[in-house]
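Peer 1: Here you go, one structure.
The values are calculated or read from the model by the stated rules, or taken from the named source; none is laboratory data. Keep in mind it's a predicted model, so treat the numbers as computed, not measured. Every residue, glycine as well, gets a Cβ built from its backbone with ideal geometry; the counts of neighbours run over all protein chains shown.
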Amino acid sequence: MAERRATLSLAGFCRLAAKARSDEQGGVAILFAFLLPVALGFAGISADYASLSAYRTKLQAVADASALAAAREFRLGNANITTLNQAAAAHAGGSLAAQEITAAITPSVDLKGRSIKVTLSSDVPTFLMKFAGSGATRVEAFATARMVGGAPICVIGLDQGGLFAVGLDKDAKLEAPGCAIYSNSKHPLGLFARDRAVMRAAFICSAGGRDINGRGLYFPTPQQDCPVIPDPLASRTLPQAGACTFTNLVVKAGARTLSPGTYCGGIRIEGSANVTLQPGIYVIKDGPFEVTGGGTVNGVNVGLFFSGRKAVLELMAASNVSLTAPKAGLMAGILFAEDRTSPTWQFHRILSNNARTLLGTIYLSRGGLIVGANAPIADKSAYTIVVARQFILTEGPTMVLNTNYAATDIPVPEGVGPLSNKAMLSQ
C-alpha cells in the first residue's frame with residue numbers, strides 16, 4: 001500500500017506539473033515578446049562596444065607607431081615641422097591603408113620639447129546607429145612621442161671593470177662640444193684627465209668615478225654613477241675575411257691604387273708611397289695596416305676591418321691620412337672596426353700629425369685606441385665617433401669630434417651620434 005500511494009502521488013504530481021507548464025507557456029510568450037527588443041538592444045550594444053573597441057585598438061597601434069617613427073626624425077640635423085609632419089602622415093597613411101582603414105591624420109609638433117602628437121579619427125558605422133537611422137560613431141586615438149636623451153653620443157669607453165676606460169694624459173685635449181662622452185667603467189678612476197689635459201664636451205658621464213687629483217680639467221664637471229651604456233653596435237653584422245687578395249703587401253714608393261679585398265699579413269705604406277684606396281671594405285688579417293715614414297693614404301667611402309692577431313691600425317707620426325667611411329653595406333658609417341673574436345687588448349694607434357679627415361665611426365669593441373700627435377686630429381671631419389673598449393689620448397694631441405651630421409651623406413650607425421637618442425611614447 002505504501003508503494004501504491006507513492007505511485008499515485010507521483011502521478012498526481014505529474015498532472016499538476018503539466019497544468020502549470022501549460023499556464024507558464026502563455027506567460028513566457030508574453031514576457032518574451034516584451035523582452036525581445038530589450039535583449040536585442042543589449043546584444044546590439046555589446047556588438048557595437050566590441051566592434052568600436054577593436055577598431056580603436058587598431059587606430060591606437062597605428063598612432064603609437066606613427067608618433068615613434070616621426071619622433072625619430074628629431075635625430076636629423078635638418079628636422080623641422082614640415083618634415084616631421086610629413087613623416088607622421090606617411091607612416092600613418094601607409095599603416096592605415098594596409099589595414100583598409102580610413103581615418104583623418106592630424107600631427108602636431110613641439111620642436112622645443114622634441115615631441116610630436118599624432119591624432120587619428122574615424123567615423124565608424126554601428127548596429128544601433130544603423131537601426132536608428134543615424135550616421136556613425138566617432139572613434140579617436142592619439143599618441144605623443146618624444147626624443148629623450150641629451151646630446152648625441154660621440155665617445156663610449158666600453159670596458160666596465162678596468163681602470164681608465166676613457167682618459168687623457170700629458171696635455172692631451174679632447175674637444176667634443178656638441179656631443180657626450182661616456183665611460184662604462186665602474187672603477188673609481190674609470191674616467192681621467194691628468195697633467196694639464198682638457199676634456200670638453202656637451203656632457204660627460206662615468207659609470208664609476210673620475211680622477212680628481214691629476215691636474216686635468218673637465219668641462220663640464222662629469223656626472224658619476226651613470227648607467228652603463230651597452231655596446232650600441234653589438235648587433236651590427238660585420239665583414240668576414242675571405243681568401244687572401246694580397247699577402248704581406250708593402251708599398252714603399254710611388255703612387256698606387258688598391259682595391260677592396262682581404263690583405264693577409266696586413267698593408268705597410270712607407271716612405272714616399274702615395275696610396276689611394278678605392279671604395280669598399282678592406283679586411284686586414286693577421287697583420288697591421290701601417291702608414292709610416294712619410295707615407296700617404298687616401299680613401300673615400302672605405303672601411304678597414306681588422307681580423308686576427310697583430311691586425312691593428314698603426315698611423316705613425318710622419319704619415320698623411322685622409323679617410324671617409326662607406327655610405328652603404330656592412331660597414332656603412334663605420335671607418336675602422338675589428339673582429340669581435342679578435343684577441344683582447346690589441347691597441348690601435350693614431351699618432352699621425354696629418355690625420356685631419358677621419359670621417360665615420362671607429363668601432364673597437366675588443367681592444368683599445370691610443371691617440372697621440374702634435375697636431376689636430378679629425379678636425380676636418382663632418383663627424384667622428386669612437387666606440388672602443390679603452391680610449392686614451394696621450395702626449396699632447398688635440399682630437400676634435402665634430403657633430404656636423406647634416407653636412408655629409410655618410411650615415412651615422414644606429415645607437416651613436418644623434419641616433420643614440422631614443423624615441424619614447426609619453427605616458
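Peer 1: Based on this model, can you work out whether V283 counts as closer than 16 Å to S381 by Cβ, assigned by TED's automatic domain parsing to the domain that holds P376, among the β-branched types (V, I, T) and part of a strand (DSSP E or B)?
Peer 2: Criteria not met by V283.
Peer 1: When you go through (1) within 21 Å of G333 (Cβ to Cβ); (2) surrounded by fewer than 11 Cβ atoms within 10 Å (Cβ to Cβ) one by one for D225, which number turns out not to apply?
Peer 2: Every condition holds for D225 apart from (1).
Peer 1: Please tell me if I362 is in contact (Cβ under 8 Å) with a residue 12 or more places away in the chain, touching a Lys or Arg at 6+ places or on another chain (Cβ under 6 Å) and closer than 20 Å to L393 by Cα.
Peer 2: Criteria not met by I362.
Peer 1: To continue, here is another question. Enumerate the pairs (first residue in region 273-301 and of a type in the set (G, A, S); second residue anywhere and buried (at least 22 other Cβ atoms within 10 Å of the Cβ) and in a loop (DSSP other than H, G, I, E, B)) with beta-carbon separation below 6 Å, excluding pairs fewer than 6 apart on the same chain, so at least 6 apart or on different chains.
Peer 2: From region 273-301, the pairs are A273/G295; G295/S319.
For (1) under 26 Å from Q160 (Cα atoms); (2) assigned to a strand (DSSP E or B); (3) modelled with pLDDT of 95 or more, each residue gets a yes or a no:
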| residue | (1), (2), (3) |
| --- | --- |
| F306 | yes, yes, yes |
| S322 | no, yes, yes |
| P326 | no, no, yes |
| F336 | yes, yes, yes |
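Peer 1: To continue, here is another question. On the given criteria, is D231 modelled with pLDDT of 90 or more, assigned by TED's automatic domain parsing to the domain that holds L393 and within 14 Å of A165 (Cα to Cα)?
Peer 2: Yes; evaluated as a whole, the condition is true for this residue.
Peer 1: Can you give me the number of residues within region 198-208 that are among the hydrophobic types (A, V, I, L, M, F, W, C) and touching a Lys or Arg at 6+ places or on another chain (Cβ under 7 Å)? Please lay out each step first, then the result.
Peer 2: Initially, region 198-208 is screened for residues among the hydrophobic types (A, V, I, L, M, F, W, C), giving 198-199, 201-205, 207.
Then drop every residue that is not touching a Lys or Arg at 6+ places or on another chain (Cβ under 7 Å), which leaves 198, 207.
Number satisfying all stated conditions: 2.
Peer 1: Moving on to the next point. Kindly list the number of the only condition in (1) out of contact with any Gly (no Cβ under 6 Å at 6 or more places or on another chain); (2) among the aliphatic types (A, V, I, L, M); (3) surrounded by 19 or more Cβ atoms within 10 Å (Cβ to Cβ) that fails for L351.
Peer 2: All conditions are met except number (1).
Here is a yes/no grid of residues against (1) surrounded by fewer than 16 Cβ atoms within 10 Å (Cβ to Cβ); (2) at pLDDT 95 or above:
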| site | (1), (2) |
| --- | --- |
| V198 | no, yes |
| A201 | no, yes |
| T221 | yes, no |
| S235 | yes, no |
| F246 | yes, yes |
| L249 | no, yes |
| G254 | yes, yes |
| G266 | no, yes |
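Peer 1: If you don't mind, another one. Being of a type in the set (S, T, N, Q), under 31 Å from the mean Cα position of the chain (by Cα), at pLDDT 95 or above and in the same structural domain as L189 (by TED's automatic domain parsing) is the requirement here; does Q278 meet it?
Peer 2: yes
Peer 1: Would you pick out the residues in region 266-280 that are more than 10 Å from V250 (Cα to Cα) and assigned to a strand (DSSP E or B)?
Peer 2: Answer for region 266-280, where residues must be more than 10 Å from V250 (Cα to Cα) and assigned to a strand (DSSP E or B): N274, V275, T276, L277, G280.
Peer 1: If we keep just the residues of region 369-421 that are of a type in the set (S, T, Y) and within 23 Å of G162 (Cβ to Cβ), which is surrounded by the fewest Cβ atoms within 10 Å (Cβ to Cβ)?
Peer 2: The qualifying residue surrounded by the fewest Cβ atoms within 10 Å (Cβ to Cβ) is T394.
Peer 1: Being basic (K, R) and on the phi < 0 side of the Ramachandran plot is the filter here; which residues of region 194-252 pass it?
Peer 2: Those that are basic (K, R) and on the phi < 0 side of the Ramachandran plot: R194, R200, R210, R236, K252.
Peer 1: While we're looking at this one, here's another question. With the requirement that a residue be free of Cβ contacts under 8 Å to residues at least 60 places away in the same chain and within 12 Å of D211 (Cα to Cα), what does region 153-189 give you?
Peer 2: L163, H187, P188, L189
Peer 1: Got a sec? Which of F192, F203, F219, F246 is farther than 23 Å from T384 by Cα and among the aromatic types (F, W, Y)?
Peer 2: Within the list F192, F203, F219, F246, the selection yields F246.
Peer 1: May I ask you to say which residue of R356, R366, R340 is assigned to a loop (DSSP other than H, G, I, E, B), surrounded by fewer than 22 Cβ atoms within 10 Å (Cβ to Cβ) and basic (K, R)? Break it down into steps so the answer makes sense when it comes.
Peer 2: On the way: R356 fails: assigned to a loop (DSSP other than H, G, I, E, B); R366 fails: assigned to a loop (DSSP other than H, G, I, E, B).
Sole residue among the options that is assigned to a loop (DSSP other than H, G, I, E, B), surrounded by fewer than 22 Cβ atoms within 10 Å (Cβ to Cβ) and basic (K, R): R340.
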